[in-house]
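> My questions will all concern the structure given below.
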Amino acid sequence: MGETVKTIAKERVDEITKQTSEPAWLKDSRLKAFESYLKIPTPCNRDENWRRTEVDALDLSTLNVVVNDSKEKKAAKEPAVITAALANLGKNLPYIYTTPQSVEIGNADSELLSKGVIFCSLKTALAQHADLLSKYLAPENLPCPDFAQNDKFYLMNQSLFNSGAFLYVPKNVVLESPVLNVLSSGEETSIAIFPRVIIIVEQGAKAEFVNLCTADKHKTTGESQALSLVNSSIETYVGANASLSYLDVSDFSANTFAVSRVYNEVKKDGSLHASTIALGGWQIKSDIQTNLKEPGAKSDIRGVVLGAGNERYSFNTIQDHIAPDTSSTINFRVALKDSSSSAYLGTIRVSKEGQRTDSYQSNKNLLLGSNAHADSIPKLEILADDVKCAHGATVGPADKEQIFYLMSRGLSSLEAEELIVTGFFRQVVQSCPVDGAGDWINSLVADKIHS
Amino acid sequence: MAAREPLLKIEDLWVSVEGKDILKGVNLTINPGEVHAIMGRNGSGKSTLSYTLMGHPRYHINRGSIIFKGEEIGELPPDERAKKGLSLAFQYPVAIPGVSVSNFLRASVKAVRGKEIPVKEFRQELKAQMALLEVKDEFLSRYINDGFSGGEKKRLEILQMTLLKPALAVLDETDSGLDIDALKVVSTGINTLATEETAVLLITHYQRILNYVKPDFVHVFQSGQIVKTGGSELSEELEERGYDWVTQELTPSGVA
């Protein structure tokens, strides 16, 4: 980074729109979002949706906005982080690898991407498929999830996003294996990154998408207390009779404030599976809203959170049953070591029209550290009268009898704890529809427990 | 000297749980390869003895000693006792959802034997023991004791003992809740286990299992103590006459 701090300012928006061949409507949209951004105060923990986040600790004026001006290139060599992921997910899968300085694409010429499938960086997509994207990104077509209402961080992403990925799967095209999008926030501190991912699975199509956010952790420990921001937006659109399996894995550095906003939309008889795996960061603030817009739409949302040190996690899920005959399940599992903490707020919303909704929500918290803390808050907003909604939550330490049982078989208390935690998560990840994801997640979880 | 050293020597063992004395001066010596049965009523403290031997943190030793292989183990954590060759088949094995039986068995055998066992070798060994205990293959991919029937839980306990090959296997009411067929299968497992290398301490409420597993010694447990010791004929006497006569013999006035 140069000596001048490229703070969050209108100049950055101008810079982004200038250096890319973005359509005019997007430029307007960015500027409008930035105007609103300036008007809205930074959230504080008095705001309902930010109550569980220590947002005051982040000084926005110290952040250097990363304006990634590099062109998408074919990867010369597969990055190690990709190789590690592909060891479980399957070799030669198409991937995009983004760092603050570069965007590389690999295995994209594989057969998977014939049949009109588009998988590229969002920047490339905006240059080449602007019309297609306008249906989802033009201001009049933007969805309006709860987290988008007067939210400074949402507007920040809307005006400044300049990296990320785009997947488009046309009608009736079936992708049998996943595509991979990896963002590495690199070694630098005091940076702000704004990724955006758009996934469109058209009618009758099928896709699997793996999103991985990671950091070079070696350089960010020790002296450096300067915080970085990764503020991302993910939007998925699942068409009628379509199916999307989405896996989001994040493992940020200990100085990263990560804000992640996910909006999912499912149409008639479509089905969405989305697993979120959160393995690290200074604070993680994540909102996941799923709108079941047409009859027969189904969603299956799962979460795995493994906290350590002083990490703070705040997850907010909303299942919005807009149409009749829709169903959703949520299964969030949180294990907290040391002094880490988590707040899970799960809302099931059923509109007046949402008759015969079938919804289930479960949140289990395993407190491993003596100073770990977890809150679980279910919220039901039901306006229809013929619905099936169930929810359950537990918070408690690891079962002492389980630990004794395992230790009586020769396992140390640490080994016993590790086995219990992986077992606790396995119930959620094992049946993850993305091939190989279960084993991959188990190994990432094991790595974090050992660290 | 070494050859004559007892495997386990419990002397004047006093144990309390949450401040309440349960064991009140237990004395017991087990030599390598011997089969001992401890019989007694429910609530007499039999299970407390088994948990204390394995090192459950809830049980506090207030007095006495447990010498295993010549070393006091009263302060050792359970995993170190296991590594020294002590093992406990639980009366109520705990379910651990999400942890598959096969993963667990490998981890446990590796920990106790102190080295990685080649997958193929381990498989072969496992299959042989499973056949003996009439355990189906699908058992391995299930989660530990999760949704297991009473009989399945006990078979898994014995399966672990046969893999871990401890110097002393403590079997806590392994016979309880088993129908006659399961009891026979489990007994076969115990008899395979009981060799010169493995001594067995069988804790039971009923004489029934002793029709299949012949103990060298039978001890009667009462009010936190071993009050009578005999050969295998003692168990038959207990079956016929109940426990009351032991009580009366000990307290001639008939006041327990």
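> What are the residues in the range A:229-256 that are farther than 24 Å from A:Leu160 by Cα and hydroxyl-bearing (Ser, Thr, Tyr), if any?
Those that are farther than 24 Å from A:Leu160 by Cα and hydroxyl-bearing (Ser, Thr, Tyr): A:Ser243, A:Ser245, A:Tyr246.
> Now, a different point. Cβ contacts < 8 Å: first residue without any contact (Cβ under 8 Å) to a residue 40 or more places away in the chain, restricted to the range A:160-178; second residue among the charged types (D, E, K, R) and surrounded by fewer than 24 Cβ atoms within 10 Å (Cβ to Cβ), any location; separation 6+ or different chain. Result?
A:Asn172/A:Glu202; A:Val174/A:Lys206
> Anything in the range A:332-379 that is touching a Lys or Arg at 6+ places or on another chain (Cβ under 6 Å), buried (at least 18 other Cβ atoms within 10 Å of the Cβ) and of a type outside the set (Val, Ile, Thr)? List them, or say none.
Those that are touching a Lys or Arg at 6+ places or on another chain (Cβ under 6 Å), buried (at least 18 other Cβ atoms within 10 Å of the Cβ) and of a type outside the set (Val, Ile, Thr): A:Arg333, A:Ser341, A:Ala343, A:Lys364, A:Leu368.
> Here is a list: A:Leu279, A:Leu336. Which entry is in contact with a helix residue (DSSP H, G or I) (Cβ under 7 Å, 6 or more places away or on another chain) and hydrophobic (A, V, I, L, M, F, W, C)?
A:Leu279
> For the subset of the range A:424-443 comprising residues that are part of a helix (DSSP H, G or I) and surrounded by 22 or more Cβ atoms within 10 Å (Cβ to Cβ), which member is nearest to the other protein chains (Cβ to nearest Cβ)? Let's see the steps before the verdict.
Initial filter on the range A:424-443 (part of a helix (DSSP H, G or I)): A:424-429, A:437-443.
Then keep just the ones that are surrounded by 22 or more Cβ atoms within 10 Å (Cβ to Cβ); that gives A:424-426, A:429, A:437, A:440-441.
Numbers: A:Phe424: 6, A:Phe425: 7, A:Arg426: 4, A:Val429: 9, A:Ala437: 16, A:Trp440: 16, A:Ile441: 12 Å.
Here the answer is A:Arg426.
> Which of the residues spanning the range A:173-202 are outside any loop (DSSP other than H, G, I, E, B) and among the small types (Gly, Ala, Ser)?
Step one: list which residues in the range A:173-202 are outside any loop (DSSP other than H, G, I, E, B), which gives A:174, A:179-184, A:191-193, A:195-201.
A:Ser184, A:Ala192 - these are the residues of the range A:173-202 that are outside any loop (DSSP other than H, G, I, E, B) and among the small types (Gly, Ala, Ser).
> Sort out which residues of the range A:95-153 are among the acidic types (Asp, Glu) and assigned to a helix (DSSP H, G or I), and write them in order of number.
Of everything in the range A:95-153, those that are among the acidic types (Asp, Glu) and assigned to a helix (DSSP H, G or I) turn out to be A:Glu111, A:Asp131, A:Glu140, A:Asp146.
> Any idea how many residues of the range B:46-83 are β-branched (Val, Ile, Thr) and touching a helix residue (DSSP H, G or I) at 6+ places or on another chain (Cβ under 6 Å)?
1
> Which residue, of A:Ile16, A:Ile8, is at pLDDT 85 or above, in a loop (DSSP other than H, G, I, E, B) and surrounded by 14 or more Cβ atoms within 10 Å (Cβ to Cβ)?
A:Ile8
> Moving on to the next point. For the range B:135-172, which residues satisfy the criterion of being farther than 15 Å from B:Val94 by Cα and touching a Lys or Arg at 6+ places or on another chain (Cβ under 6 Å)?
B:Val135
> Next question. Cβ contacts < 6 Å: first residue over 23 Å from B:Ala169 (Cβ atoms), restricted to the range A:398-423; second residue part of a helix (DSSP H, G or I), any location; separation 6+ or different chain. Result?
Filtered contacts from the range A:398-423: A:Ala398/A:Ile420; A:Glu418/A:Ile449; A:Ile420/A:Gln402; A:Thr422/A:Asn442; A:Thr422/A:Val445.
Residues are listed down the side, and each one gets a yes or a no for (1) of a type in the set (A, V, I, L, M, F, W, C); (2) under 22 Å from A:Asp59 (Cα atoms):
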residue	(1), (2)
A:Ala254	yes, yes
A:Glu265	no, no
A:Asp269	no, no
A:Trp282	yes, yes
A:Lys298	no, no
A:Gly303	no, no
A:Gly307	no, no
A:Tyr313	no, yes
A:His321	no, no
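> Here is a further query. If A:Thr62 satisfies all but one of (1) within 18 Å of A:Trp282 (Cβ to Cβ); (2) modelled with pLDDT of 90 or more; (3) among the hydroxyl-bearing types (Ser, Thr, Tyr), what's the number of the condition it fails?
Single failed check for A:Thr62: (2).
> Looking at (1) outside any loop (DSSP other than H, G, I, E, B); (2) farther than 23 Å from B:Lys154 by Cβ; (3) charged (D, E, K, R), can you tell me which one B:Glu196 breaks?
(1)
> Ok, one more. Which of (1) within 14 Å of another protein chain (Cβ to nearest Cβ); (2) within 17 Å of the chain's Cα centre (by Cα); (3) not in a strand (DSSP E or B) is the odd one out, the single condition B:Pro32 does not satisfy?
So B:Pro32 meets the others, but not (1).
> Something else: Within the range B:182-193, is there a residue that is more than 13 Å from the chain's Cα centre (by Cα), free of Cβ contacts under 8 Å to residues at least 60 places away in the same chain and not in a helix (DSSP H, G or I)?
No - not one qualifying residue is present in the range B:182-193.
> Oh, and also: For a quick check of your reading: which strands (runs of 3 or more DSSP E) sit entirely within the range B:48-152 and have at least 1 residues that are more than 12 Å from every other protein chain (Cβ to nearest Cβ) and within 20 Å of the chain's Cα centre (by Cα)?
By residue number, B:59-68.
> Can you name the number of the only condition in (1) out of contact with any Lys or Arg (no Cβ under 6 Å at 6 or more places or on another chain); (2) in contact (Cβ under 8 Å) with a residue 60 or more places away in the chain that A:Arg46 fails?
Every listed condition holds for A:Arg46 apart from (2).
> Any idea which of A:Ala446, A:Ala416 is in a helix (DSSP H, G or I) and crowded, with 22+ Cβ neighbours inside 10 Å?
Numbers: A:Ala446 fails: crowded, with 22+ Cβ neighbours inside 10 Å.
Residue meeting the stated conditions: A:Ala416.
> Could you look through the range B:132-172, keep only residues that are free of Cβ contacts under 8 Å to residues at least 40 places away in the same chain and of a type in the set (Val, Ile, Thr), and pick out the one that is nearest to B:Pro78 (Cα to Cα)?
Per the criteria, the residue is B:Thr162.
> Identify all residues within the range A:50-71 that are more than 29 Å from A:Ala125 (Cα to Cα), among the charged types (D, E, K, R) and in a loop (DSSP other than H, G, I, E, B); write none if there are none.
A:Arg51, A:Arg52, A:Glu54, A:Asp59
> Check off (1) away from chain B (no Cβ under 11 Å); (2) touching a helix residue (DSSP H, G or I) at 6+ places or on another chain (Cβ under 6 Å); (3) surrounded by fewer than 21 Cβ atoms within 10 Å (Cβ to Cβ) for A:Ala398 and give me the number that stays unchecked.
Looking at each condition in turn, A:Ala398 falls short on (1).
> Could I ask something else about it? Please state which one of B:Val94, B:Val99 is touching a Leu at 6+ places or on another chain (Cβ under 8 Å), touching a residue at least 24 places away in the same chain (Cβ under 8 Å) and of a type in the set (A, V, I, L, M).
It is B:Val99.
> Just one of (1) closer than 30 Å to A:Asp447 by Cα; (2) part of a loop (DSSP other than H, G, I, E, B); (3) in contact with a strand residue (DSSP E or B) (Cβ under 7 Å, 6 or more places away or on another chain) trips up A:Lys91, so point out which.
(3) is the only condition that A:Lys91 fails.
> Going by the conditions given, is A:Ala165 outside any loop (DSSP other than H, G, I, E, B), of a type in the set (Gly, Ala, Ser) and surrounded by fewer than 22 Cβ atoms within 10 Å (Cβ to Cβ)?
no
The values are calculated or read from the model by the stated rules, or taken from the named source; none is laboratory data. Worth saying up front: this structure is predicted, and the values here are computed from it rather than measured. Every residue, glycine among them, receives a Cβ derived from its backbone with ideal geometry; neighbour counts consider all protein chains shown.
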